[in-house]
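Here's the structure we're looking at; comments come further down.
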Amino acid sequence: MLPRTLEPEVMESLQDALDYDSMDHREVNRAFVRDFLAASPDLEEVLDLGTGTAQIPIELCRQSAEGHVLAIDLSAEMLLVAKANVEVASLRDRIMLDRIDAKGLPYADGRFSAVISNSIIHHIPEPAPSFAEAVRVTRSGGRLFFRDLARPDTAEQVRTLVQQYAVGANEHQRKLFGDSLHAALNFDEVQKMVGQLGFSPETVTLTSDRHWTWSAIKP
C-alpha cells in the first residue's frame, strides 16, 4: 500500500497558483458541478471550501442561475487569481471570496444550504476537523458534496495517471499532480472519517479512476 506523502497545505507561490489555474480542469469541473446540481436543487447559499482559483464557483454559476457562493481558501495567491477570474466572468454579484481556514470556520451552525469542496482534502494533513466543520455549518436537510483525488495503491499507478491525465502539461504541473496523488486519502480512509461523523460509509463512492465523492444529506 502506497503511504500518504503530504504536500504543502497552502500554495504560497503565485507561480503555483498560475500553473494550477492554467491546467485543463474544464471537464472535471463541469462534471463536479453537474453531479452536485443533480443531487442538490437548493442553491440559496453555497459554501465552497478550498476554492483555489474559483473555477468551481464560476462553473456553478454558469450551469445554474440560482443562488450565491461564498468561496474560501487559505492561499492569498490563489485568491488573487480567483478574484481576477471572477471579475472576468462578471460574477462579482454572485461569488464572494474570503481567506479562511477550512479547519475552523467562522460561520454559524447550519448557515449554508450546501457545502461543497473539490480537491481540498488532499492538501490538509489532518482532514477530520474540516469534515466536521463542513457538517456543522450545513443546515439540516442540506447537501454535503466533496470530491477529491484517491491515493493509488502503488507509485507505478501514480506515474500512469500522471502520464494519462497531464498530457500537454509542463513539468511543474505534472509534478503538482503527482504530488497531489501521493498526498490524497485512499477510499477506505475517507469512508472511515465519514463514518466517525455519523454518516454511512456508503455515502462515499469511487466516481472515476482517480476520484472519490462524498455526497450526503445532513440529518
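Selection of the stretch 127-151 for residues being touching a Lys or Arg at 6+ places or on another chain (Cβ under 8 Å) and farther than 21 Å from Val69 by Cβ yields Pro129, Leu149, Ala150, Arg151.
Cβ-Cβ distances below 7 Å connect the following pairs, each with a first residue in the stretch 84-100 that is within 17 Å of Ala17 (Cα to Cα), a second residue that is among the basic types (Lys, Arg) and in a loop (DSSP other than H, G, I, E, B), and a separation of six or more residues or different chains: Val86/Arg92. For the stretch 28-51, a tally of residues being at pLDDT below 95, assigned to a loop (DSSP other than H, G, I, E, B) and out of contact with any His (no Cβ under 9 Å at 6 or more places or on another chain) returns 3. Here Phe32 passes the criteria (1) on the phi < 0 side of the Ramachandran plot; (2) surrounded by 24 or more Cβ atoms within 10 Å (Cβ to Cβ); (3) free of Cβ contacts under 8 Å to residues at least 60 places away in the same chain except the one numbered (3).
Kindly list, by first and then second residue, each pair from a residue in the stretch 196-212 that is farther than 19 Å from Ile120 by Cα to a residue that is modelled with pLDDT of 95 or more and assigned to a strand (DSSP E or B), limited to pairs with Cβ atoms under 9 Å and residues at least 6 apart or on different chains. Pairs found: Phe199/Leu144; Phe199/Trp214; Phe199/Ala216; Ser200/Ala216.
If we scan the stretch 104-116, do we find a residue that is β-branched (Val, Ile, Thr), crowded, with 24+ Cβ neighbours inside 10 Å and in contact with a Gly (Cβ under 7 Å, 6 or more places away or on another chain)?
In the first step, residues of the stretch 104-116 are kept if they are β-branched (Val, Ile, Thr); the result is 115-116.
Then keep just the ones that are crowded, with 24+ Cβ neighbours inside 10 Å; that gives 115-116.
Narrowing the set further to residues that are in contact with a Gly (Cβ under 7 Å, 6 or more places away or on another chain) leaves none.
Checking the stretch 104-116: not a single residue is β-branched (Val, Ile, Thr), crowded, with 24+ Cβ neighbours inside 10 Å and in contact with a Gly (Cβ under 7 Å, 6 or more places away or on another chain).
Scanning the stretch 62-93 for residues that are of a type in the set (D, E, K, R) and either buried (at least 19 other Cβ atoms within 10 Å of the Cβ) or modelled with pLDDT under 95 (or both) yields Glu66, Asp73, Glu77. Residues that are outside any loop (DSSP other than H, G, I, E, B), more than 20 Å from Ala128 (Cβ to Cβ) and either in contact with a Gly (Cβ under 6 Å, 6 or more places away or on another chain) or among the aliphatic types (A, V, I, L, M) (or both) within the stretch 164-210 comprise Leu176, Leu181, Leu206, listed in sequence order. Here is the figure for the stretch 17-65: residues that are of a type in the set (Gly, Ala, Ser) and out of contact with any Ser or Thr (no Cβ under 9 Å at 6 or more places or on another chain) total 5.
Could you tell me which residue of the stretch 1-27 is modelled with the highest pLDDT, considering only residues that are acidic (Asp, Glu) and under 18 Å from Asp73 (Cβ atoms)?
Initially, the stretch 1-27 is screened for residues acidic (Asp, Glu), giving 7, 9, 12, 16, 19, 21, 24, 27.
Narrowing the set further to residues that are under 18 Å from Asp73 (Cβ atoms) leaves 7, 9, 12, 16, 19, 21.
Numbers: Glu7: 88, Glu9: 82, Glu12: 69, Asp16: 75, Asp19: 73, Asp21: 71.
Checking each candidate, the answer is Glu7.
The values are calculated or read from the model by the stated rules, or taken from the named source; none is laboratory data. Note that the coordinates shown come from a computational prediction; the quantities given were computed from them, not determined experimentally. Please note: Cβ atoms are built from the backbone with ideal geometry, for glycine as well, and neighbour counts cover all protein chains shown.
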